[in-house]
Amino acid sequence: MDTPVNKKKLSLKEKYSYLTRDLAWEPSYQKKEDLFPYATYEGIKVHDWSKWEDPFRLTMDAYWKYQAEKERKFYAIIDAFAQNNGHLKLTDARYLSALKIFLQAISPGEYAAHKGFARTGREFPGVGPQVACQMQAIDEIRHAQTQIHAMSNYNKFYNGFHGFADQRDRIWYTSVPRSFFDDAMASGPFEFMIAIGFSFEYVLTNLLFVPFMSGAAYNGDMSTVTFGFSAQSDEARHMTLGLECIKFMLEQDPDNVPIVQKWIDKWFWRGFRVLGLVSTMMDYMLPKRVMSWREAWDIYGEENGNALFNDLARYGIRPPKGWGDAAEAVDHMSHQFMLALYQWNFGTAFHSWIPSDNDMDWLSKKYPNTFDKYYRPRWEHIKKLEANGTPFKNYGLAKNCQTCQLPCVFTEPGDPTTLCHRETEYKGEHYHFCSDHCRDIFQEEPEKYVQAWLPMPQLFQEPINGDLEAWMKWVSLVDGEDNGDYQGSHDQTSFEKWREMATSN
Amino acid sequence: MSTVFIAFQTNEETRPIIEAIELDNPAATVYQEPAMVKIDAPDELVIRRETIEEQMGREYDLQELQVNLITMSGHLSEDEDTFTLSWK
């Protein structure tokens, strides 16, 4: 094609079209189905790939330019943070528990998303999504790297950061996000886009990155704000890609609508379960809080989700099946899950603690209908046991949900005093679930989920064979350093000692 | 009516951008939060290159928004002169 001579500069639209459509070709000596063998088996019908419009129209030259600028900003701040003993400016070292969960559970998810987008970019026959997925694959590996790099500074001073790679694979609470990403990567390209591009990016990352990162800023953690906002600046592009993909599928063929709806139902609920961890970080682990999990949900879940589902209604899409149960669970989930993390804290590579009176008053104010009624009495009881020298430890193992892999610690919809438990039988075996929605997901694809690796049964298998000490070694957890109560931990004493040294002579 | 929103990091580069958005979108509400600024608007929010250039006193490429962008909601439509979010 000739370069246009009548214009000095290409328009954004033209540049984007040269980068994408112009790179595509029709195969002449291979069949298209052989080149893109995974494009049709999910049942999604596409009639015209050229209808795919990436709204950001980012070309490679602009992409590298702006990403380089983000990296320069990031490393300038990370260097300044390390040079100025930034870790001593934290409100309190309790805050680090949230970061440890982030490193063990979320950053490896970024890496998984990188692998997934690299693959999906190859599998889509359309050149528009190929380019967008390639960029996203590079973004995701950048996120994993910058997060690990930023948190490596804390690893020089504090426990619980050193074993994140083993913990990603082996410890119990990280298997929730790991299984989420494994499930997505074991899906076809269109389902992967709904799982990550739509459910995770569009519906859920706002809840993970935005109020939590604002919280990091409030708690003096400059390095996390920096990696968080640097990552989130890419997320805006990712969300747009997810939304574009869903609109594209719905507009291409009406037969796609029920398939997309089924994926929305599944991936919303799977994502919501991953957020169980995030809810405890926001309500319990930030010494200085920005907003409660409930308030964050109201803005980024409820309001933003409803805007989106109202918009998609014109295609015949309704809100996800678990939407109502999720809205109810938001008043309970952080409390129920934090109680679980506390009672099993011999097995967590981060510290937990009994909330102070001040913390509990804040929780009462933020959860006026649930905290004082259901959760304060339990914490008060645990506090009494602790004061009597018999702290509450649960050495029993929880049942894992076969789908989301969380321990079954959540309660029945409509009855927060009864544990929710569902089961089903498949080929002569019993399978357990935390909720109706997780059971329904299993029943749609039992052959997939019967293969799930579950962290609790692993304790009784090789090489652990029920030995707790062997398990700790296997998950790279140093007993007495990485785990247990914050009170009396190395992290607590070191932080207090160093802060004292930093402010006196 | 549905809300669209956009959020930026709080810094010297975004200050004139936010002023420009306020000028072009009288119905928008600006929330100053720790380290970030979130702007909500009913149904539609338009960011114009020209207004940003006037506020900044230099030429501006709308794709530079990417550097300080935190999040957004709504369908995006972008060209050289405008960056529009809407639920229409």
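Determine if region A:197-206 includes at least one residue that is within 20 Å of the chain's Cα centre (by Cα) and surrounded by fewer than 19 Cβ atoms within 10 Å (Cβ to Cβ). The answer is no; no qualifying residue exists. Among the residues of region A:247-266 satisfying the criterion of being of a type in the set (D, E, K, R) and part of a helix (DSSP H, G or I), which is surrounded by the fewest Cβ atoms within 10 Å (Cβ to Cβ)? For region A:247-266, the residue satisfying everything is A:Glu251. Here A:Glu295, A:Glu328 are screened, and the one residue that is part of a helix (DSSP H, G or I) and within 14 Å of chain B (Cβ to nearest Cβ) is A:Glu295. Scanning region A:383-424 for residues that are part of a helix (DSSP H, G or I) and either in contact with a helix residue (DSSP H, G or I) (Cβ under 7 Å, 6 or more places away or on another chain) or among the aliphatic types (A, V, I, L, M) (or both), we see that the one that is nearest to A:Arg273 (Cα to Cα) is A:Leu385. The residues in region B:38-88 that are outside any strand (DSSP E or B) and within 12 Å of another protein chain (Cβ to nearest Cβ) can be counted, and the count is 16. Of the residues making up region A:240-256, those that are acidic (Asp, Glu) and closer than 19 Å to B:Thr84 by Cα number 1. Of A:Ser230, A:Ser334, all but one fail to be out of contact with any Cys (no Cβ under 9 Å at 6 or more places or on another chain), away from every other protein chain (no Cβ under 14 Å) and part of a helix (DSSP H, G or I); the exception is A:Ser334.
Only a single item in (1) surrounded by 14 or more Cβ atoms within 10 Å (Cβ to Cβ); (2) in contact with a Phe, Trp or Tyr (Cβ under 8 Å, 6 or more places away or on another chain) is not met by A:Glu445, and it is number (2).
For (1) loosely packed, with under 15 Cβ neighbours inside 10 Å; (2) at pLDDT below 90, each residue gets a yes or a no:
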{"position": "A:Asn6", "(1), (2)": "yes, yes"}
{"position": "A:Tyr18", "(1), (2)": "yes, yes"}
{"position": "A:Asp34", "(1), (2)": "yes, no"}
{"position": "A:Ile77", "(1), (2)": "no, no"}
{"position": "A:Ala80", "(1), (2)": "yes, no"}
{"position": "A:Asn84", "(1), (2)": "yes, no"}
{"position": "A:Lys89", "(1), (2)": "yes, no"}
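The residue of region A:22-71 that is nearest to the chain's Cα centre (by Cα), among those that are part of a helix (DSSP H, G or I) and among the basic types (Lys, Arg), is A:Lys70.
Of all the listed residues (A:Glu244, A:Glu235), the sole one being touching a residue at least 60 places away in the same chain (Cβ under 8 Å), under 30 Å from A:Lys65 (Cβ atoms), part of a helix (DSSP H, G or I) and within 14 Å of chain B (Cβ to nearest Cβ) is A:Glu244. Could you go through region A:222-229 and let me know if any residue there is more than 20 Å from A:Pro129 (Cβ to Cβ), modelled with pLDDT of 95 or more and buried (at least 22 other Cβ atoms within 10 Å of the Cβ). No, region A:222-229 has no match at all. Taking region A:298-325 as the range and being at the interface with chain B (Cβ under 9 Å from one of its Cβ atoms), closer than 20 Å to A:Pro258 by Cα and free of Cβ contacts under 8 Å to residues at least 40 places away in the same chain as the test, the residues that pass are A:Asn306, A:Asn310, A:Asp311.
Screening region A:24-75 for residues that are acidic (Asp, Glu) and free of Cβ contacts under 8 Å to residues at least 60 places away in the same chain and picking the one that is farthest from the other protein chains (Cβ to nearest Cβ) gives A:Asp34. When restricted to residues that are within 10 Å of chain B (Cβ to nearest Cβ) and touching a residue at least 40 places away in the same chain (Cβ under 8 Å), region A:202-215 contains 6. All conditions in (1) in contact with a Leu (Cβ under 8 Å, 6 or more places away or on another chain); (2) hydroxyl-bearing (Ser, Thr, Tyr); (3) within 14 Å of chain A (Cβ to nearest Cβ) hold for B:Thr14, with the sole exception of (1).
For region A:424-453, the set of residues classified as among the charged types (D, E, K, R) and without any contact (Cβ under 8 Å) to a residue 12 or more places away in the chain consists of A:Glu425, A:Glu445, A:Glu447, listed by residue number. Number of residues in region A:248-279 that are closer than 21 Å to A:Ala113 by Cα and either within 18 Å of the chain's Cα centre (by Cα) or without any contact (Cβ under 8 Å) to a residue 24 or more places away in the chain (or both): the value is 16. Here A:Ala349 clears all of (1) among the small types (Gly, Ala, Ser); (2) within 30 Å of A:Asp169 (Cα to Cα); (3) surrounded by fewer than 20 Cβ atoms within 10 Å (Cβ to Cβ) except the condition numbered (3).
Quick grid of which residues meet (1) closer than 22 Å to A:Asp234 by Cβ; (2) free of Cβ contacts under 8 Å to residues at least 24 places away in the same chain:
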site	(1), (2)
B:Met1	no, no
B:Thr10	yes, no
B:Ala20	no, no
B:Ala27	no, yes
B:Ile39	yes, no
B:Thr51	no, no
B:Ser77	yes, yes
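The values are calculated or read from the model by the stated rules, or taken from the named source; none is laboratory data. Bear in mind the structure is a predicted one, so any value in this text is a computation, not a measurement. Quick reminder, even Gly has a Cβ in these numbers, built from the backbone with ideal geometry, and neighbours come from all protein chains shown.
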